[in-house]
Amino acid sequence: MFNLYELNPRRLWVKYVFALGIILFFLVGSHLIHLTVLSHTANDAKIINIAGQQRMLSQRIAFFATKLNTPSVLSEDTEITSSLAAAIKRFESNHYWLLKHALNSDASQQMYFTPNGPEVDRLTKWYIAEARKSISSSDNHPLEDVIVNLDKMASKPLLKKLDDAVTLFADESGAKIERLEFLQLASLGMAIVTIIAEAIFIFFPAQQGIIRSLKKVEDQNQDILLQNTKLVSLSHDLNHEINHDALTGLKNRRALKEELDVCVQGYRSGSQLFILMLDIDDFKEVNDTFGYPVGDLVLKYVAEQLNSLCRREDVVARVGGDEFVIMIESSGLLSESRIHKLAEDIISKLKVPTILQRNEISIGVSIGYAVAEKLPIDGPKLISDADIALRKSKSSGKGMALPYRADMRDELEAHAKLLVDMMHAIENREFVSYLQPQVSLQDGRITGFEVLGRWNHPEKGVLPPSVFIPMAEQVGLIDQIDEIITSDGLAILAKLRAEGYNVPRISINMSARSLRSSNLCTDLTRSVTEQGLAPNDVLIEVLETTMIETSADQAVSTVTELSDAGYGIAIDDFGTGYSSLSMVVKLDVSELKIDRSIVQEMDKAKGRQALEAIILLAKQMNLTVVAEGIETASQFNTLKGLGCDIAQGFKIGRPMSLDQTRRWINSYGKNVSDGPMLAFENLY
């Protein structure tokens, strides 16, 4: 059963608004009805007044017409005539106004237009016409007859009808006003009833609800006071979570920024502020090898060791996945050499193997640090300086601590500018092909040229691959550079052949990123065909380190597709990677290219044994062997004696532009009859 005392206090305002809306509705309705009463009263009064005027005007017209026929008044009396004309005009105007505004009921319509009796409209129009005849009487309409008619009509039927009209209009107005007044009283009554209902059904229950709510608030106040201590504790815990790393318990990036801001604002002259930034070397390999749970243990272990090596007042924070920052403020007691010693102690302590989940792990870290000694201090720049030093440490071999130096930022900015220049270079196709010759070790004939990329920088001149290839691989632009150099190399081969030079083939290096493109074979074949060449004119050199992934790697599929299409495949830098033999077995390889580092060691017993083993393996698998890095006649003769097939190196020819290549071929052709090695010696 509905209980008035159990109304929801939170919804009382809806009921208040609803009730007040109803009251407002009735009050506004009552006011509007009142305004309507006043409007109708004024309009009805005007109707009654004009209807009364019609009675008076009918008598006035009859009076002036009779006056014109009085012997003592001249017919040319213009004053009486004009008064009569004005009365007629007013009488006619009033009549038409009444027709337009007063005939709002069947009774009034019947009074004015009923065809069975002397209706007001017909009588009025006839009377107006007769009155106008009195002004312009003639032999056809003698004035005496007109006056008699007017007097007769004005004294009896017309006057009677006009009196009836006034009476009818007054009765209708009264009835209308009574109805409107009733509606007004009804509206006021409903408003009063609504107010009473609101008091009974809303305000009284609301009062009871408020009383109960106050009682509940009083009861709950004690609970709130009891919970306040828990909330304060929770606030402290939340603040700790906001400012600390959940895994290691160290301060996070946000807290470090706040600590740094406070330190910078309170920094005093003569003090020193050090920022050390360290990064775990090859942390991804830890996760990949041992799993993420062990990786988390490594991070916690590093955090513990940092806390143990730092002072209580130092700030140790974890700011990234495997990045940590140490902020040290000193009043001058700590020198940069002591900070460097601290960094080296951190590196040494973490290198000591530790057991984590039954796994023995040695943790390598790289550290970069920066110091602020002068005011004003730029906190974010200090962090940036330490980060730049860290990057330099990692790029210089990892596992070391380096202080920030200004030339490091210059180097970084130069690197960033070079990256922008590289993007423009790709767009403007500034990368060009240089050719390094390859010749037969047996008869000295030219077997081909290796296409080597160069960057024709508009400001720095021709840049070697060592300047731009690592950066291009890092930012994912190497495949676009491969495409430019390959296209240029194919065009050079086609041009040399068109000029009559006998160039059997070119070999092109393909990056791992290019080899992992499923469209490489299709795109390369299109370019080869456009130059009027064939796939067997091109040898694809693949670094064996490219193929260290599984056999399901897209690079493996691409190499297979290239081989099936007729391209020669050579494994470059053979003997330096991890998967040489497995790739030779799995792929349709036509050549092995011995790395220059092995060629340089051929004077040593192990180096020579390695060469012999590689050449023997190649011969047994029916593969052509290419040796690169030949720089002496002794190396040339040794490789020839071991059965190596093709030689490449500075002793034979350096990487050359197209014009230099033409000159080299022409010079080489003149001396080759003296024997291949003698020909080389004559070139230098």
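Which peptide among 498-507, 389-398 comes first, and what is the full order, when sorted by highest mean count of other Cβ atoms within 10 Å?
Those peptides, ordered most packed to least, come out 389-398, 498-507.
Rounded to whole Hz and in sequence order, give me ³J(HN,Hα) for the stretch 172-187 from the Karplus expression 6.51 cos²θ - 1.76 cosθ + 1.60, θ = phi - 60°, writing x for Gly and Pro.
Here the 3J(HN,Hα) series is 5, 5, x, 5, 5, 4, 4, 5, 5, 5, 5, 4, 5, 5, 5, 4 Hz.
Of all DSSP beta bridges in the stretch 422-546, what percent run antiparallel (nearest 5)?
The antiparallel fraction comes to roughly 60 percent.
Roughly speaking, what is the centre-to-centre gap between the stretch 260-316 and the stretch 424-455 when only Cα atoms are used, to the nearest Å?
If you average the Cα positions of each part, the centres end up 48 Å apart.
Longer than 19 Å from Cα to Cα, which of Lys593/Lys619; Lys398/Lys460; Lys351/Lys394 are they? Say none if no pair is.
Lys398/Lys460
What are the ³J(HN,Hα) values, in whole Hz, obtained from phi via the Karplus relation 6.51 cos²θ - 1.76 cosθ + 1.60 with θ = phi - 60°, for each residue of the stretch 379-392 in sequence order, with x given for Gly and Pro?
Here the 3J(HN,Hα) series is x, x, 5, 4, 4, 5, 4, 5, 5, 5, 4, 5, 4, 5 Hz.
Rounded to the nearest Å, what's the spacing between the alpha carbon centres of the stretch 84-129 and the stretch 594-633? Just the number, please.
133 Å
Leaving out ligands, DNA and RNA, what percent of the accessible area of the stretch 416-534 is carbon and sulfur, probe 1.4 Å?
The computed percentage sits at 49.
Keeping all protein chains in place and using 1.4 angstrom, which order do Phe449, Phe290 fall into by accessible surface area, from largest down?
Sorted by accessible area, descending: Phe290, Phe449.
Could you tell me whether the stretch 247-307 comes out rounded, prolate or oblate from its Cα gyration tensor? Rule is a ≥ b ≥ c as square roots of the eigenvalues, rounded for a/c under 1.5, then prolate if a/b exceeds b/c, otherwise oblate.
It is prolate, given that a/c is not under 1.5 and a/b is the larger ratio.
Counting only residues 5 or more places away or on other chains, whose amide H sits under 5 Å from the amide H of Met656 once H atoms are built in the peptide plane?
Leu435, Gln436
Apply the Karplus parameterisation 6.51 cos²θ - 1.76 cosθ + 1.60, with θ equal to phi minus 60°, to every residue of the stretch 514-526 and state each ³J(HN,Hα) to the nearest whole Hz, in sequence, with x for glycine and proline.
Per-residue couplings from phi come out as 5, 5, 8, 8, 5, 9, 4, 4, 4, 5, 5, 4, 4 Hz.
List the residues whose amide H sits under 5 Å from the amide H of Val439, counting only those 5 or more places along or on another chain, with H placed 1.01 Å from N in the peptide plane.
Thr447, Ala647
Arrange the peptides 60-66, 278-284 so that the one whose residues have, on average, the most other Cβ atoms within 10 Å appears first.
60-66, 278-284
I'd like the distance between the alpha-carbon centres of the stretch 487-530 and the stretch 162-178, rounded to an integer number of Å.
Distance between centres, Cα-based: 112 Å.
If I stretch the segment between Val462 and Glu360 completely, what's the gain in nm (0.36 nm per residue apart, minus their alpha carbon distance), one decimal?
31.9 nm
At a 10 angstrom cut-off on C-beta neighbours, averaged per residue, how do the peptides 407-418, 586-597 rank from highest to lowest?
With the highest mean Cβ count within 10 Å placed first, the list reads 586-597, 407-418.
Would you mind getting me the FRET efficiency between His424 and Thr522? Use the beta-carbon distance for r and R0 = 25 Å, nearest 0.05.
Computed FRET efficiency for His424 and Thr522: 0.35.
Would you mind checking which residues have amide H under 5 Å from Ile540's amide H? H placed 1.01 Å from N; only 5 or more apart, or other chain.
Amide H neighbours of Ile540, under 5 Å, 5+ apart: Ile508, Gly568, Ile569, Ala570.
The values are calculated or read from the model by the stated rules, or taken from the named source; none is laboratory data. This one's a predicted model, so the numbers in the text were calculated from it and none came from an experiment. Counting neighbours? That spans all protein chains shown, and the Cβs are built from the backbone with ideal geometry, glycine included. These accessible areas exclude ligands, DNA and RNA; they are computed on the full protein's heavy atoms, side chains included. Shrake-Rupley method; radii C 1.70, N 1.55, O 1.52, S 1.80 Å.
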